[in-house]
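Only one structure is covered here, and it is reproduced in the block below.
The values are calculated or read from the model by the stated rules, or taken from the named source; none is laboratory data. Small disclaimer: the values here were computed from a predicted structure and weren't measured. Cβ atoms come from the backbone with ideal geometry, glycine included; neighbour counts cover every protein chain shown. Just the protein is used for accessible areas: all its heavy atoms, side chains included, with ligands, DNA and RNA removed. Shrake-Rupley method; radii C 1.70, N 1.55, O 1.52, S 1.80 Å.
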Amino acid sequence: MGRASAERFASEGAHVFVSDINEAAAKEVVASIIDAGGSATMSVCDARDLSQIQELMAAIEKDHGVLHVLHNHAGIPGAGGMDIALDEYTRTVEINMRSAFYATTY
């Protein structure tokens, strides 16, 4: 859904910043957007890391002056049931909840 959203924003004329912890995935989305005639830039960013999000937002502000739309689509499926390790739970909460909060704190 994140890729589809990025491609749609680009098809509507937006310059899209694709950010992902997976560099290859981000490059693939940017290539798809550019191949379709759109405009996109990518960065590697861990949505669980506030300092990385702040650096990304500062770079966007420096290069473009303003961010008009923020679409945070970071998310992973959580483990099901009662048998879950604390590190799995923490990772899910950090990506699915904390990253959305971080994105709004800039």
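Checking the stated criteria, residue 48 turns out to be outside any helix (DSSP H, G or I), basic (Lys, Arg) and out of contact with any Pro (no Cβ under 8 Å at 6 or more places or on another chain).
Quick check, is residue 95 in a helix (DSSP H, G or I), touching a Phe, Trp or Tyr at 6+ places or on another chain (Cβ under 8 Å) and either open to solvent by less than 50 Å² (accessible area, probe 1.4 Å) or within 13 Å of residue 6 (Cβ to Cβ) (or both)? Walk me through how you get there before you give the answer.
Details: in a helix (DSSP H, G or I): yes; touching a Phe, Trp or Tyr at 6+ places or on another chain (Cβ under 8 Å): no; either open to solvent by less than 50 Å² (accessible area, probe 1.4 Å) or within 13 Å of residue 6 (Cβ to Cβ) (or both): yes.
So residue 95 fails the test.
Among the residues making up the range 5-30, those that are open to solvent by less than 60 Å² (accessible area, probe 1.4 Å) and either among the hydrophobic types (A, V, I, L, M, F, W, C) or part of a strand (DSSP E or B) (or both) are 6, 10, 14, 16, 18, 19, 20, 25, 26, 29, 30.
Name the residue that is nearest to residue 76 (Cα to Cα), counting only residues in the range 1-50 that are more than 14 Å from the chain's Cα centre (by Cα) and hydroxyl-bearing (Ser, Thr, Tyr). Among them, the one singled out is 32.
Pairing residues of the range 63-79 that are aliphatic (A, V, I, L, M) with residues that are surrounded by 11 or more Cβ atoms within 10 Å (Cβ to Cβ) and in a loop (DSSP other than H, G, I, E, B), at Cβ distances under 8 Å and at least 6 apart in sequence or on separate chains, gives 69/14; 74/47. The listed residues are 58, 85, 74, 100, and the only one of them that is over 13 Å from the mean Cα position of the chain (by Cα) and under 19 Å from residue 16 (Cα atoms) turns out to be 58.
Selection within the range 71-85: residues that are at pLDDT 80 or above and in contact with a helix residue (DSSP H, G or I) (Cβ under 9 Å, 6 or more places away or on another chain). The member of this set that is surrounded by the fewest Cβ atoms within 10 Å (Cβ to Cβ) is 77.
If we keep just the residues of the range 34-70 that are open to solvent by less than 40 Å² (accessible area, probe 1.4 Å) and touching a Ser or Thr at 6+ places or on another chain (Cβ under 7 Å), which is nearest to residue 92 (Cα to Cα)? Give the derivation first.
Applying the first criterion (open to solvent by less than 40 Å² (accessible area, probe 1.4 Å)) to the range 34-70 yields 38, 40, 43, 45-47, 53, 56-57, 60.
If we keep only those that are touching a Ser or Thr at 6+ places or on another chain (Cβ under 7 Å) too, we end up with 38, 43, 45, 47, 56.
Details: 38: 32, 43: 22, 45: 16, 47: 11, 56: 22 Å.
So, considering only residues that are open to solvent by less than 40 Å² (accessible area, probe 1.4 Å) and touching a Ser or Thr at 6+ places or on another chain (Cβ under 7 Å), the one nearest to residue 92 (Cα to Cα) is 47.
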